[in-house]
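Participant: First the structure, then my questions, so here it is.
The values are calculated or read from the model by the stated rules, or taken from the named source; none is laboratory data. Nothing here was measured: the structure is a model prediction, and the numbers come from that model. In this analysis, Cβ positions are derived from the backbone assuming ideal geometry, glycine residues included, and neighbour counts consider all displayed protein chains. These accessible areas exclude ligands, DNA and RNA; they are computed on the full protein's heavy atoms, side chains included. Shrake-Rupley method; radii C 1.70, N 1.55, O 1.52, S 1.80 Å.
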Amino acid sequence: MSETDNAADIVPIKRPVRWHIFVFMLPALIVYSAVMVLPLIETLRLSLYNTVDGQPAFVGLANFKVLFGDARWARDFWNALVNNLIFFAIHMCVQNPIGVALAALLSVPKLRGVAFYRTAMFLPTLLSFVIVGFIWKLILSPIWGVAPWMLDLIGLKFLFAPWLGKSGSALIAVSLISNWQYIGIPMMLIYAALLSIPEEVIEAAECDGITGWAQFWKIKLPLILPAIGIISILTFVGNFNAFDLIYTVQGALAGPDMSTDILGTLLYRTFFGFQLQLGDRSMGATIATVMFLIILAGVSLYLFVIQRRMRRYQF
């Protein structure tokens, strides 16, 4: 027989369909669709409707025109958006750099008690936002708080002020409370990224005389840039979805004088209503849609622009 006949006699092997993969993924897909996908679709749909003569009616982009065109709605929205940007900027400038610094300190080989320090700094992340907000309200209270007393011990009581009660400092104070609670997340992610750096790279740097902080800036920091990028986008998404801590510390009105109002608290008051303000489902869904588009734009910018230009290291 020729080689051509042998090739013709070869029967291709048919791989069985792996139905079990779909079966195991189906419960997670159902839960994710019910909890995330369907509410998102309903929110987008609801933003295009409004109540006319007691009946829901399709109004297109009219709700968005009201949000951006009406003086009252536009004032509240832009105030919340600016506060949200400040809230995010404080996290990027305070929480993430300190998290990187703490991770760098914990990764020092000769440091003792690493497990204790790591646990202590990550512990606030595990606390309920209700507990965190209540504790910090007590600490910073000018009447029964311990902050004035602690500052008095070191002769700096003159620096104390009712930070949560002043419009100029309330947002900064709440942001720093949030930084204190969630600083453990960037710390642990960067710490894991530092531990994943191959020993060969560290040994090669030491052979070249690069040690200490110079080794961190020249060798380790460039290698953990992808992790820092992930932390930055997680911070962005988390801050523009924030609501719970500000609601606990400053209430739904995000006082004083709306100085701590962000998109999350504005959405809550608009959709559910608060005190004399009646709830408006359509306008609430409109604000939620704008929040979704802002987050989508930020994530897309990172994935398709920043991440592509970021230098990648492979070993």
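Participant: Could you check how much of the accessible area of segment 250-315 is carbon and sulfur, as a whole percent, using a 1.4 Å probe?
Facilitator: Result for segment 250-315: 62 percent of the exposed heavy-atom area is carbon or sulfur.
Participant: Also, I was wondering about something else. Under a GNM of the chain (C-alpha, springs under 10 Å), which listed residue has the highest mean-square fluctuation: GLY251, GLY184, GLY155?
Facilitator: Residue with maximal mean-square fluctuation among GLY251, GLY184, GLY155: GLY155.
Participant: Give me the Kirkwood hydrodynamic radius of segment 159-290, using the inverse of the mean 1/r over all pairs of distinct Cα atoms, in Å to one decimal.
Facilitator: By the Kirkwood definition, the hydrodynamic radius is 18.0 Å.
Participant: Give me the percent of accessible area attributable to carbon and sulfur for segment 115-202, probe 1.4 angstrom.
Facilitator: In segment 115-202, the share of accessible area belonging to carbon and sulfur is 75 percent.
Participant: Let me ask something additional. If we sort 167-179, 266-278 on the protection proxy, mean other Cβ atoms within 10 Å, highest first, what's the order?
Facilitator: Those peptides, ordered most packed to least, come out 167-179, 266-278.
Participant: Sticking with this one: Check each of the GluC sites (Glu not before Pro) in segment 186-279 and keep only those in coil by DSSP with at most 11 other C-beta atoms within 10 angstrom; list them in order.
Facilitator: Listed in order of number, the matching sites amount to none.
Participant: I'd like to compare 80-92, 293-305: which one has the highest average count of other Cβ atoms within 10 Å, and what's the full order after that?
Facilitator: The packing order, highest mean first, is 80-92, 293-305.
Participant: Related question: With 5 Å bins from zero, work out the P(r) of segment 215-284 over every alpha carbon pair and list the percent per bin.
Facilitator: Using 5 Å bins, I get a P(r) of 4, 15, 17, 17, 12, 8, 7, 8, 6, 4, 3, 1 for segment 215-284.
Participant: Quick query: amide H of PHE274 versus all other amide H atoms, modeled in the peptide plane; which residues come in under 5 Å with a sequence gap of 5 or more or a different chain?
Facilitator: Answer set, sorted by chain and number: none.
Participant: Cross-chain or 8 or more residues apart, Cα under 19 Å: how many lysine pairs in segment 69-312 fit that? Count them up, please.
Facilitator: 4
Participant: Which label marks the calculated value of volume of the Cα convex hull per residue in Å³, given the options (1) 307; (2) 270; (3) 292?
Facilitator: (2)
Participant: If the convex hull of the alpha-carbon atoms of segment 99-227 is projected onto planes in all directions, what is the mean projected area in square nanometres?
Facilitator: Mean projected area of the Cα convex hull: 10.7 nm².
Participant: Report, by chain and number, residues whose modeled amide H sits under 5 Å from the one on TYR49, excluding near sequence neighbours (fewer than 5 apart, same chain).
Facilitator: Correct list: VAL59.
Participant: Averaged across orientations, what area in nm² does the convex hull of the alpha carbons in segment 1-155 project?
Facilitator: Result: 25.8 nm².
Participant: Could you give the distance between the Cα centres of segment 200-262 and segment 138-153, to the whole Å?
Facilitator: Centre-to-centre (Cα) distance: 29 Å.
Participant: Another question, if that's okay. With θ set to phi - 60° and the Karplus curve 6.51 cos²θ - 1.76 cosθ + 1.60, what are the ³J(HN,Hα) couplings of segment 94-111 in order, to the nearest whole Hz, using x for Gly and Pro?
Facilitator: Each residue's phi maps through the Karplus curve to give 10, 5, 5, x, 5, x, 5, 5, 5, 5, 5, 5, 5, 7, 5, x, 8, 6 Hz.
Participant: Taking the solvent-accessible surface of protein heavy atoms with a 1.4 Å probe, what is the per residue accessible area of segment 69-312 in Å²?
Facilitator: Value returned for segment 69-312: 55 Å² of accessible area per residue.
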